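Every number in this text was worked out from the coordinates using simple rules, so none of it is lab data. In this text, all values refer to a predicted model and were calculated from it rather than measured experimentally. With ideal geometry, Cβ positions are generated from the backbone for all residues, glycine too; neighbour counts draw on all protein chains shown.
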Amino acid sequence: MANKDTPSQALDKIMAQSQEIFKITTLRLYNDLKALKVIDTGHFRNSWGLLQISKEHYQISNTADYASILARGRRRFRNSHGAVQWYGSLDWYNGLSPMLAKANHNMDIQFKQIKE
């Protein structure tokens, strides 16, 4: 049976599906971030926040003062005495990149399903 939606109705359906994909992807990423096992005091895990700015815009943030260090992943540097030291977390060795890549990949799959 052929689709009898007008172009406007079809676009509205695509927009609604897209908004749902953004919402689900954001909530999954937020929950994955909160579930990370970087736990000493629990401050980092409890510092995550999620804000819906508009229907398709969300903001995930972490207010812990060392969040940006963990987000970049584990890094090696030389201190002022020339000794090699590590900066960051072993639990977050690769930082946020793998989690963001996974979220992006899952979103791509869902958007391809809309096209079909």
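Points to keep in mind about this one:
- Exposure proxy ranking, count of Cβ atoms within 10 Å, fewest first, for F22, F111, F77, F44: F77, F111, F22, F44
- Distances between placed amide hydrogens fall under 5 Å for G73 paired with G95, L96, all partners being 5 or more residues away or on another chain.
- Local electrostatic count at S47 - Lys and Arg +1, Asp and Glu -1, tallied over other residues with Cβ under 11 Å: +1
- For I60, net neighbour charge (Lys/Arg +1, Asp/Glu -1) across residues whose Cβ lies under 15 Å away: +3
- Residue pairs, from the table K23/K102; K13/K34; K13/K102, whose Cα atoms sit over 23 Å apart: K13/K34; K13/K102
- Fewest-first ranking of M99, M15, using other Cβ atoms within 10 Å as the exposure measure: M15, M99
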